[in-house]
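Asks: One structure follows; several queries about it will come next.
The values are calculated or read from the model by the stated rules, or taken from the named source; none is laboratory data. Please read these numbers as outputs of a predicted model, since none were measured by experiment. For neighbour counting, all protein chains shown are included, and Cβ atoms are generated from backbone atoms with ideal geometry for every residue, glycine included. Quick note on the areas: whole protein, heavy atoms, side chains included, nothing else; ligands and nucleic acids left out. Shrake-Rupley method; radii C 1.70, N 1.55, O 1.52, S 1.80 Å.
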Protein chains: 2
Amino acid sequence: MTPGAATVALSPGKLLNLVRLADRDGRFRMLAVDQRDSLRAALARATGRSPGQVSYEELARVKTLLTEILAPHATAVLVDPVYGFPHAVPLVPRDVGLLTALEETGYEPAGEGGRERRARLVEGWSVDQVKRSGANAAKLLLHYNPEASAATRAHQQGLAQAVGEACARADLPFLLEVVTYPLGAPAADTPEFARDRPRYTAAAAEEFSQERYRVDVLKLEFPADLRYCPPFHHGVFDGRERPAVYTLTEVRAACRAVSEAARPPWVLLSGGVGIDEFLVGLELAVEAGASGFLCGRAIWQPALARYPDLTAMEAWLRTAGTRNLLRAGAAAVGARPWFEVVGGPGARLQVREAGEGWHRKYGGTP
Amino acid sequence: MTPGAATVALSPGKLLNLVRLADRDGRFRMLAVDQRDSLRAALARATGRSPGQVSYEELARVKTLLTEILAPHATAVLVDPVYGFPHAVPLVPRDVGLLTALEETGYEPAGEGGRERRARLVEGWSVDQVKRSGANAAKLLLHYNPEASAATRAHQQGLAQAVGEACARADLPFLLEVVTYPLGAPAADTPEFARDRPRYTAAAAEEFSQERYRVDVLKLEFPADLRYCPPFHHGVFDGRERPAVYTLTEVRAACRAVSEAARPPWVLLSGGVGIDEFLVGLELAVEAGASGFLCGRAIWQPALARYPDLTAMEAWLRTAGTRNLLRAGAAAVGARPWFEVVGGPGARLQVREAGEGWHRKYGGTP
């Protein structure tokens, strides 16, 4: 304990479960396997079918394979409640945390011309069920554009707040993922959207850091598109040349702006980029103050091209896939421990109101 | 997976949390720090005071010391909700499970001449609060004598059943501890009670293995008093000679009888015996089919004689106390994995109703 360091008081359910999501040093090295539509599309592509032809069992089996092989190398695994959770439970090692998604896959188009995006929860699923099931955290994904209509912003904000309150009642950590999107063009791979990203991501971090959302961990995008930043704009990641939109110095500043806007610890998502691009972004995010990563496709996407050959998929996951996860872990070694974000350097964590009569106060029967 | 082995279906909250209480091989090496009256008495003795003069802070501080030093060497730690839990939460490593006691310390005298014992829950505390707080299991201690009055037996049985049902609703493992006691004499160290122990312990195991109690792990006494068994009756453990009441062959049979009567996995408690006696009992219990131990005083009791010298206590706990815990772990290496008790050798665990629509069934909104 650092002399003069702060003492930070948390509720026990938040504290115990946050500890189980990160490593001993407070760094998150988490694996996402909660993809649904994107995974279904990839399996359809690999087998020359339409997404609708991919069955429940196929999705469940592939998620099981990803979880079984990669989970032991992560500090926690994020699954969806439909295809993932019931099959992941017997596979997750005792020292690996489990997070469960709340939102329905994709989004609902809304607003003028259907250009805005609204989230809704999986039907028949709730924060209380996540808590009851033994998972260590609930995760909600929101698409967010600070320039969307007031009605759409209010919808997304209201959903986040309702989930945050339900998590507080259940004494369960709340991980909120915010993904920005362009209002103008349907595609995200444009210089215009690349230019908007730093501002959008910082705005999202600022909005959802407000106390009323009761977020424990923010899961955010890299706040710039590295494919539009020298030297990477020369097609370094995907062979395609793009215009330069910002310098690396400006991208570093964007990372710092997000870290400053984020009050809770934040982790980086991969959002479908490849492992090389993800690792560059992760090093920059960690340098700016991120507390680690929660990443899926950058780790395991290439395995899907081998589908339906499960043996080939497994061989790839046990070698290249595992290596990807370990490389991400290495890039996160300097990440900011989550308890230092919450309490400052050397912070000592304790349970709120620990002391005589604690159990009666927590029990709600004074 | 063994060919032809069973598939065992559990609810996810039970499964995930049981996995966190045992080691990877399914063996429980658990530490108990939930003592209250007995700990208070020991601290009073060490300082020449009456138990009432020992403060909340003293009990909390000693429990904190025991937990901080010993928990990293256990697979899980059992704490009480009053003095232990709020202080233990920040100390328990991420890969160590946490169990919380429900019952008030001691017991209420009942029946003819107050010779019977009834339990009650800590006021303002409940299974739902244990679940909410992030603990991995709820523990209830019952005193039980199969020859007690019908009213007292019904009281204890009713409490166990109510807790079992609450744990099932919360999808939280239920660990039930049953301690037998003599109706005739106030002291337990008699040839008569030694003779009754095998029968009482087996009756307790049989009673509380019934489905209606929904017990996930039974915590039981050694089903005999080794101080009345050759060659130990010659004062091997405490220097006091006692009559021989049964042979080692009979004691082994008593252990097998308990293992056969216990439907759920069972773990051995130490009940205040010293480490040498505990280790002999643990080896015999493990040989008969126990799944490990949940043990307190046999591990750490000698530290209390050093109170209030916390430095001396810490030095003892880091050496002799830690060694006691590791020796118990070594004695439990051949313990029966809990999932084999539940499902048979090579059993494969899965979540009940895992498959399409699982989340709606579990969510209770079909």
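Asks: Please get the size of the charge dipole for chain B, origin at its Cα centre, with Cβ charges of +1 on Lys and Arg and -1 on Asp and Glu, quoted in debye to the nearest 20.
Replies: About 580 debye.
Asks: Also, quick follow-up: About the Cα centre of the range B:112-250, how large is the charge dipole given +1 on each Lys and Arg Cβ and -1 on each Asp and Glu Cβ? Please answer in debye to the nearest 20.
Replies: It comes to approximately 280 debye.
Asks: Sorted from shortest, what are the nm distances separating the label point of B:GLY239 from equivalent points in the other copies, each placed 7 Å from Cα along Cα to C-beta?
Replies: Label point to label point, same position, other copies: 8.5 nm.
Asks: Using +1 at the Cβ of each Lys and Arg and -1 at the Cβ of each Asp and Glu in the protein assembly as shown, identify which of A:VAL8, A:ALA150, A:GLY26 lies farthest towards the dipole's positive end.
Replies: Looking along the dipole axis, the top candidate is A:GLY26.
Asks: List the distances, in nm and shortest first, from the label point of B:ARG256 to the matching label points in every other copy, placing each point 7 Å from Cα along the Cα-to-Cβ direction.
Replies: For B:ARG256, the inter-copy label distances come out at 7.5 nm.
Asks: Once label points are set 7 Å from the Cα along Cα→Cβ at both A:GLU147 and B:ALA187, what is their separation, rounded to one decimal in nm?
Replies: Distance between the two pseudo-spin positions: 8.8 nm.
Asks: For chain B, with a Gaussian network of springs between Cα atoms less than 10 Å apart, report the residue from B:VAL163, B:VAL258, B:VAL273 with the top mean-square fluctuation.
Replies: Per the Cα network of chain B with a 10 Å cutoff, B:VAL273 tops the list.
Asks: Does the range B:44-107 classify as rounded, prolate or oblate by the C-alpha gyration tensor (a ≥ b ≥ c root eigenvalues; a/c under 1.5 gives rounded; else a/b over b/c gives prolate, otherwise oblate)?
Replies: The shape class here is prolate.
Asks: When the chain is fully extended, how far beyond the present Cα-Cα distance does B:ARG195 get from B:THR7, taking 0.36 nm per residue of separation?
Replies: Length gained, B:ARG195 through B:THR7: 63.6 nm.
Asks: Please report the net charge: other residues with Cβ closer than 12 Å to the Cβ of A:LEU304, K and R +1, D and E -1.
Replies: Net charge in that neighbourhood comes out at +3.
Asks: Quick one: in chain A, whose Cβ comes closest to the A/B rotation axis, and how close in angstrom?
Replies: Its Cβ sits closest to the axis: A:ASP95, 2.
Asks: Within 15 Å, Cβ to Cβ, of B:VAL342, how many net charges do the neighbouring residues add up to if Lys/Arg are +1 and Asp/Glu are -1?
Replies: The answer is +3.
Asks: Mind jotting down the distance between the C-alpha centroids of the range B:116-139 and the range B:271-331, whole Å?
Replies: Spelled out, the Cα-based centre of one part sits 25 Å from the other.
Asks: Let me ask another. Taking R0 as 41 Å, what's the FRET efficiency between B:ALA320 and B:ARG348 from their Cβ-Cβ distance, rounded to 0.05?
Replies: It comes out at approximately 0.50.
Asks: How big is the convex hull of the Cα atoms of the range A:209-366, per residue, in Å³?
Replies: Convex hull volume per residue, Cα atoms: 170 Å³.
Asks: Can you list, shortest first in nanometers, how far A:SER38 lies from the same residue in the other copies, with each label 7 Å from Cα toward Cβ?
Replies: 5.4
Asks: Order B:THR7, A:THR67, most accessible first, counting only protein heavy atoms with a 1.4 angstrom probe.
Replies: B:THR7, A:THR67
Asks: While we're here: At 25 °C and 0.890 mPa s, grab the translational diffusion coefficient of the protein assembly as shown from Stokes-Einstein with a Kirkwood Rh over Cα pairs, rounded to a whole number in µm² per second.
Replies: 89
Asks: Once a ≥ b ≥ c are taken as the square roots of the eigenvalues of the Cα gyration tensor of the range A:31-184, is the result rounded (a/c under 1.5), prolate (a/b larger than b/c) or oblate (a/b not larger than b/c)?
Replies: Taking the square roots of the gyration eigenvalues as a ≥ b ≥ c, the range A:31-184 is oblate.
Asks: Then there is this: Of the options A:ALA71, A:TYR83, A:GLY106, report the single residue whose Cα projects farthest towards the positive end of the charge dipole of the range A:3-113 (beta-carbon charges: Lys, Arg +1; Asp, Glu -1).
Replies: With unit charges placed on the Cβ atoms, the residue in question is A:ALA71.
Asks: Let me ask something else about it. With a sphere of radius 12 Å drawn around the Cβ of A:PHE237, what net charge do the other residues whose Cβ falls strictly inside it have (Lys, Arg +1; Asp, Glu -1)?
Replies: -3
Asks: Using all C-alpha to C-alpha distances in the range A:93-149, build P(r) with 10 Å bins and read off the rounded percent in each one.
Replies: 21, 39, 25, 12, 2
Asks: Is there a quick way to get the dipole size of the range B:259-366? I mean about its Cα centre, with the Cβ of Lys and Arg at +1 and of Asp and Glu at -1; what is the value in debye to the nearest 20?
Replies: Once rounded to the nearest 20, the dipole reads 340 debye.
Asks: With springs connecting C-alpha atoms under 10 Å apart, model chain B as a Gaussian network and identify which of B:ARG132, B:ARG20, B:ARG297 has the largest mean-square fluctuation.
Replies: B:ARG132
Asks: Something else about it: Specify whether the C-alpha gyration tensor of chain B places it in the rounded, prolate or oblate class, a ≥ b ≥ c being the square roots of the eigenvalues: rounded for a/c under 1.5, otherwise prolate if a/b is larger than b/c and oblate if not.
Replies: Rounded.
Asks: Here is a follow-up. Per-residue ellipticity at 222 nm for the protein assembly as shown, helices alone: DSSP H runs ≥ 4 residues times -39500 (n - 2.57), over residue total, nearest 500 deg cm²/dmol?
Replies: -12500 deg cm²/dmol
Asks: Moving on. Given H placed on each backbone N at 1.01 Å, which residues far from A:ARG348 in sequence or on other chains put an amide H within less than 5 Å of it?
Replies: Counting only residues 5 or more places away or on other chains, the set is A:ALA6, A:THR7, A:VAL8.
Asks: If the elastic network links every pair of Cα atoms under 10 Å, which of B:VAL217, B:VAL342, B:VAL286 fluctuates the most in the Gaussian network model of chain B?
Replies: Maximum among the listed residues: B:VAL342.
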